[in-house]
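Enquirer: Structure in structure tokens, see below.
Every number in this text was worked out from the coordinates using simple rules, so none of it is lab data. Since this is a predicted model, take the numbers as computed values, not measurements. A quick note on method: Cβ atoms are made from the backbone with ideal geometry, for glycine too, and the neighbour counts reach across all protein chains shown.
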Amino acid sequence: MKLKFEYGLIVRGMIATVSWAAAMSPTPALGQGDAGSHADLGFETDVTHLNLTVAPGSGASGGCVGGYVFQAAHGGCIRQTIASQSESRACASGYTGTQTRKRNRPVYMHQNGSSAFGSWGSWSGWAGACTATTVPPDPLPPTVGTTFSVLSGMICVASDAGYYAVSGPSNANRNILIEAYKTFSYYGRCPEPSGYTFWLALWADFAQEYRVANPGATAEYAYGQAWRQPGGVEDWLLDAAGGNKENTPAILADINKLCQDSANTKYGAGKVMAAYVNKSGNKCTVTRVN
């Protein structure tokens, strides 16, 4: 530190005043030679008491630039910021979610470009919700009268898998086919996926043939004609229902077998006996628990 003293001393019991200006370089940890911030140091004393003051240096070569404040403890003109550190952890076993915590420390940025760091503060508490994992209860064992859907996938409504098979027919066409199938079936069952796909594909072919033979016919009109004209899909469907005994009580054994196969898959082989619910479309019921 280089000091320049200017002093005056009043004797005969008067208070003596001494002051000086000092060109103060940054501390070795922060400094770069003698270039850097300057400070004015002053004190007043009455020999018994001493009052020391420190202020930014005056003059063209002294003072702090905008945004920096002189701090003697850190060796000059400093801008203080905060650095944060965070870490996370998964919630404890049996819970879902993530928790985080953080801590801070001060950063002292010197206007000459160097920086110093303070000590890390304490970690904050863990934040973040942990939700208890819910384990679904085991399904209740079946009892007589328990109903369930045929698992092989009979198609009754738009939400059933396979409903949108085959491009071309509208949803209205698909519903017409399902209702016709249930009407022709003695027990009112919905079509199984293979039959449903077959009849839709045949219907689409007939509609296309009609449009080729009748240029200008709309798709809707062509599908209507392909369904109801003599020799159309509706007639074919009725003939097939008679041929495989779908429209007779004899078909019940085949439908019940579908229900029993589904029950074996759902509840375990041989655990229950199951049968089709008449006119339900695709529902089965447990008739006996073994």
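Enquirer: Using +1 on the beta carbon of Lys and Arg, -1 on that of Asp and Glu, and nothing else charged, what's the dipole of segment 149-237 about the Cα centre, debye to 20?
Expert: Values: 5 positive and 8 negative charges, 20 e Å.
So the magnitude is around 100 debye.
Enquirer: So what is the diffusion coefficient of segment 207-262 in µm² per second by Stokes-Einstein at 37 °C and 0.692 mPa s, using a Kirkwood Rh over Cα pairs? Provide the component values of the computation, followed by the final result.
Expert: On the way: Rh = 13.5 Å.
Roughly 243 µm²/s, to the nearest whole number.
Enquirer: Let's test the formula: R0 of 41 Å, r as the Cβ-Cβ distance of Val69 and Val135. What FRET efficiency results, to the nearest 0.05? Could the numbers behind the result be given before it?
Expert: Working: r = 59 Å, r/R0 = 1.44.
Efficiency at R0 = 41 Å is approximately 0.10.
Enquirer: Please work out how much length the chain gains when fully extended from Val144 to Lys245, using 0.36 nm per residue of separation minus the C-alpha to C-alpha distance, in nm with one decimal.
Expert: 33.4 nm
Enquirer: Could you tell me how far the Cα centroid of segment 219-246 sits from the Cα centroid of segment 137-179, in Å?
Expert: 22
Enquirer: Suppose the chain between Ser122 and Thr287 were pulled fully straight at 0.36 nm per residue; how much longer would it get relative to their current alpha carbon spacing? Kindly include the intermediate steps, with their values, before the conclusion.
Expert: Details: separation 165, 0.36 × 165 = 59.40 nm, distance 6.76 nm.
The span from Ser122 to Thr287 would gain 52.6 nm if fully extended.
Enquirer: Can I ask one more? When the dipole is taken about the Cα centre of segment 62-219, and only Lys, Arg (+1) and Asp, Glu (-1) are charged at their Cβ, what size is it in debye, to the nearest 20? Numbers along the way, then the final one.
Expert: Values: 10 positive and 7 negative charges, 206 e Å.
The dipole of segment 62-219 has a size of about 980 debye.
Enquirer: So, R0 is 35 Å and r is the distance between the beta-carbons of Asn264 and Trp236; what FRET efficiency does that work out to, to 0.05?
Expert: 0.55
Enquirer: Here is a further query. Could you work out the per residue convex hull volume over the alpha carbons of segment 49-194, in cubic angstrom?
Expert: Convex hull of Cα atoms, per residue: 325 Å³.
Enquirer: Can you find, among Tyr267, Thr248, Val157, the residue farthest towards the positive end of the dipole of segment 153-290? Put +1 on the C-beta of Lys and Arg, -1 on that of Asp and Glu.
Expert: After comparing all options, I get Tyr267.
Enquirer: Run the simple label-point estimate for Ser170 and Ala158 please: 7 Å along Cα→C-beta, distance reported in nm.
Expert: 1.3
Enquirer: Along the Cα→Cβ direction, 7 angstrom out, place labels at Phe198 and Thr81. What is the inter-label distance in nm?
Expert: 7.5
Enquirer: Output the pairs from Lys245/Lys283; Lys245/Lys266; Lys257/Lys283 with a Cα-Cα distance over 18 Å in this structure; if there are none, say none. Write down the numbers at each step before the final one.
Expert: Values: Lys245/Lys283 20 Å; Lys245/Lys266 28 Å; Lys257/Lys283 13 Å.
Cα-Cα > 18 Å for Lys245/Lys283; Lys245/Lys266; rest within.
Enquirer: Also, I was wondering about something else. How much length is gained if the chain between Ser93 and Ala253 is pulled fully straight, taking 0.36 nm per residue apart and subtracting their Cα-Cα distance, in nm to one decimal?
Expert: 52.5 nm
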